[in-house]
1. Among DSSP beta bridges lying fully in segment 1-117, give the percent that are antiparallel, nearest 5.
2. So which DSSP H runs in the chain come out at 27 Å plus along the axis (Cα) with average Kyte-Doolittle of at least -1.0?
3. Give me the one-decimal Kirkwood hydrodynamic radius in Å for segment 195-254, with the sum taken over alpha-carbon pairs.
4. Of the chain, which part is the longest with no GluC sites (Glu not before Pro) in a loop (DSSP not H, G, I, E, B) and with at most 15 other C-beta atoms within 10 angstrom?
5. At a threshold of 8 angstrom on Cα-Cα distance, excluding pairs fewer than six apart, so keeping six or more, what relative contact order does the chain reach in percent?
6. Charges on Cβ only, +1 for Lys and Arg, -1 for Asp and Glu, centred on the Cα centroid of segment 101-249; of Ala238, Cys163, Ser228, which one is farthest towards the dipole's positive end?
7. Could you give the length gained on full extension between Glu246 and Glu51, defined as 0.36 nm per residue of separation minus the Cα-Cα distance, in nm?
8. With +1 on each Lys and Arg Cβ and -1 on each Asp and Glu Cβ, and nothing else charged, work out how big the dipole of segment 98-165 is about its Cα centre, in Debye to the nearest 20.
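What follows is calculated from the coordinates using simple rules that are stated; it is not laboratory data. Computed from a prediction, not measured in an experiment: that's the story for all the values here. Every residue, glycine among them, receives a Cβ derived from its backbone with ideal geometry; neighbour counts consider all protein chains shown.
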Amino acid sequence: MTSGGQLRLGLNIDHVATVRNARGGTRPDPVRAALLAVEAGADGITAHLREDRRHIRDEDMRRIRATISKPLNFEMAATGQMLDIALDIAPHAVCLVPEKRAERTTEGGLDVVGGHSHLAPFVAELSRGGIRVSLFIEPDTDAIRAALSLRAPVVELHTGAWCHAIETGDLVKAEAEFERLRSAAGLAGGLGIECHAGHGLDYETARQIARLPEIVELNIGHFLVGESIFVGLAESVAAMRKAMDEGRKAMQGA
Ligand code: PXP
């Protein structure tokens with residue numbers, strides 16, 4: 001689906017739960033953050049229930065689902081336990097992600113080519129349950145074609161390598177990674193797959209990626225939760241919204 005319209009912002013609240021869990025109590029409450037973010041202009045809330053429950057816990061997912069008025073994007077690994085939980089909670093969307101216990105964050109996209117037969121029943125069962133399935137993938141042609149053959153309606157392109165190249169000043173790599181994102185988004189759009197993006201985004205990278213017309217949603221967490229220490233969550237969400245809208249406008253004027 002090619003958009004060019006307003007780009008949606010999904011706030012990932014995992015790291016509000018990380019701070020809460022550092023003390024083992026109930027504060028800060030990720031559901032309070034979700035409510036505030038929606039009030040400040042977020043179009044949805046994203047949360048990742050990891051196998052080790054290092055941040056978001058089962059009860060957080062249930063409370064977010066019961067409390068917020070905007071769509072919940074439930075990130076999970078393709079395991080039987082997670083499938084049962086997701087079908088029970090019935091979020092608006094599930095984003096299937098690779099998960100390694102030792103990683104700090106989701107390091108890369110799903111192996112949708114090699115893992116095709118493992119992923120197929122998850123996509124089918126979640127879809128049957130009325131949940132929109134997204135696959136978190138590298139911005140690669142083969143991955144997008146595999147997502148199409150899995151009948152996933154949505155892909156989320158992993159922006160981590162691009163953002164890391166910018167952060168470390170490797171401009172040659174940054175340009176090459178941006179080209180990968182641009183052509184992957186173009187291919188997904190051409191094939192009728194809805195295209196999202198996320199990982200490592202900040203104001204500047206969100207402004208830049210907003211120029212790709214096929215991308216309709218960004219999921220952003222760590223940077224915004226960090227910024228909220230300095231300016232508050234409402235202001236960081238509003239500033240992100242503004243950066244995304246500026247990028248979109250620049251695209252439309254181009
Ligand atoms: N999208 C997906 C699928 C993710 O796994 C993550 C990280 O959990 C994000 C977006 C957000 O990444 P970040 O926290 O770096 O903004």
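1. 0
2. Within the chain the helices that satisfy the rule are 171-190, 233-253.
3. Values: mean 1/r = 0.0865 Å⁻¹.
Taking every pair of different Cα atoms in segment 195-254, averaging 1/r and inverting gives 11.6 Å.
4. Excluding the exposed sites themselves, the longest stretch runs over 108-254.
5. Numbers: 489 pairs, mean separation 58.5, N = 254.
Reported as a whole number, the value is 23 percent.
6. Towards the positive end, the residue furthest out is Ala238.
7. Roughly 66.5 nm would be gained on extension.
8. Once rounded to the nearest 20, the dipole reads 240 debye.
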